[in-house]
Amino acid sequence: RPVADRAVSTGGLLAQLFEVLAAIALAPLFMGWVNQCRAWLQNRSAPPLLQPYRTLHKLMRKELVMAEHASPLYRRTPYVLFGAMATAAAIVPSLGTDMPFASAADAIALVGLFATARVFIALGAMDIGTAFGSLGARREMMVGFLAEPALLMVIFTASLIVGSTALPTIAATLSARELALYPSLAFAGVAFLMVLLAENARIPIDNPATHLELTMIHEAMVLEYSGRHLALIEWAAALKLFNYACIGFALFVPWGLAPAGASPLALLPALGWLALKLAGAGMVLALIETVSAKLRIFRAPEFLAMAFMLAVLGLLVHLLLGS
């Protein structure tokens, strides 16, 4: 019996390690796919699918330039961001539900990881004392202050249906149920999509391709970074988008995950399912950004308030109607 338990534990650790490494490796590819789909829909020449990898390689080789009065907080912020997103990838079930690390933290702690990364990047942006950094930090904190409650309400809706706040348990339970339309999850799904757009600096809240003072949020906070620091920040941003996509898959499209106790080889079919889901999610995300207009920064609270109301409505539908 102990030998069998040890074998299962070893298999789980190998699967966990493979999932984290796959998330880190596939995140830039997912970002490149979204950019490519967006260019196609806008009738522009699409960048190469592997362009994010080339950009990261170029930044890693560039000389690191920092402000004269940069504090240790400024220097360590890129590493904290990347570490937080990699840790989040160990909690989110992207390939399977047998995740030993996920038992140490649930979905609420996952939201705390995202909040930690947000606080550090805001502090790092203000550390230099530039106007752009402080402007972006204030806007980022405003978006996070409004988006986090909506994300928590979405998670609470799914957790009430399943009876657990652990994402692997939620995904495993929902995937075992028969295919049916849950009105509560429908409301929560729309709210989650709105939160995903806001948290990842996508249109209509932010435009990741702009450097205009009146519109940028994420870019305003990273203008002073260069070299490997900027590479880690951009990689962490891609990993955050990947994690959010996998959270959506776990809550609303949980099929195709390797079950608990399966061999590490069972992750290979799950990798194919994940690729299909990411391809579909990238096209949907690019379509939304193409048909949407950039909102004025003063309209962002209304957008996120609507996401919160939809998430609460989904929670109430489940509590009152049980569906």
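The values are calculated or read from the model by the stated rules, or taken from the named source; none is laboratory data. Keep in mind that this is a model prediction, so the values were computed, not measured. Please note: Cβ atoms are built from the backbone with ideal geometry, for glycine as well, and neighbour counts cover all protein chains shown. All accessible areas refer to the heavy atoms of the entire protein, side chains included, with ligands and DNA or RNA removed. Shrake-Rupley method; radii C 1.70, N 1.55, O 1.52, S 1.80 Å.
Cα centroid distance between segment 280-321 and segment 32-99, in Å? The distance from the Cα centre of segment 280-321 to that of segment 32-99 comes to 24 Å. Relative protection proxy for 68-78, 275-285, from highest mean packing down: 275-285, 68-78 (other beta-carbon atoms within 10 angstrom).
Among the GluC sites (Glu not before Pro) found in segment 188-279, those both in a DSSP coil and sparsely packed, with 14 or fewer other Cβ atoms within 10 Å of their Cβ, are GLU213. Near GLY112, within a Cβ-to-Cβ distance under 11 Å, what is the net charge of the other residues, with Lys and Arg +1 and Asp and Glu -1? Value of the local net charge: -1.
In this label model, LEU181 and LEU21 are separated by 4.3 nm, measuring between points 7 Å along each Cα→Cβ vector. Remark: segment 246-290 is approximated by an ellipsoid whose semi-axes, taken from the C-alpha gyration tensor as √(5λ), come to 25, 11, 5 Å, largest first. Ellipticity at 222 nm from helices only: DSSP H runs of n ≥ 4 in the chain, each -39500 (n - 2.57), divided by the residue count, give -24000 deg cm²/dmol. Per-atom-type breakdown for the chain gives carbon and sulfur 69% of the accessible area (1.4 Å probe, protein chains only).
Using Cα centres only, tell me the gap between segment 113-160 and segment 170-249 in whole Å. Cα centres, segment 113-160 to segment 170-249: 12 Å. For the chain, the equivalent ellipsoid derived from the Cα gyration tensor has semi-axes of 31, 24, 19 Å, listed largest first.
For segment 190-273, relative contact order (Cα pairs under 8 Å, six or more residues apart, normalised by length) works out to 18 percent. A cut-off under 14 angstrom between Cβ atoms defines the neighbours of THR87, and their net charge, with Lys, Arg +1 and Asp, Glu -1, is -1. So what is the relative contact order of segment 1-150, in percent, for Cα pairs below 8 Å that sit 6 or more residues apart? RCO, segment 1-150: 24 percent. Relative contact order of segment 125-273, taken over Cα pairs closer than 8 Å and 6 or more residues apart, is 29 percent. Taking Cα atoms only, the orientation of helix 300-321 departs from the longest principal axis of the chain by about 10 degrees.
Per the Kirkwood formula applied to alpha carbons, segment 56-158 shows a radius of gyration over Rh ratio, Rg over Rh, of 1.05. What are the chymotrypsin sites (Phe, Trp or Tyr not before Pro) within segment 240-299 that DSSP puts in a loop, where the Cβ has at most 13 other Cβ atoms within 10 Å? Passing both the DSSP loop test and the Cβ count: TRP255. Springs join every pair of Cα atoms under 10 Å in this Gaussian network model of the chain, and among ARG138, ARG202, ARG61 the largest mean-square fluctuation is at ARG61. The aspartates and glutamates whose alpha-carbon is closer than 19 Å to the alpha-carbon of LYS277, local same-chain residues fewer than 8 away aside, are GLU19, GLU289.
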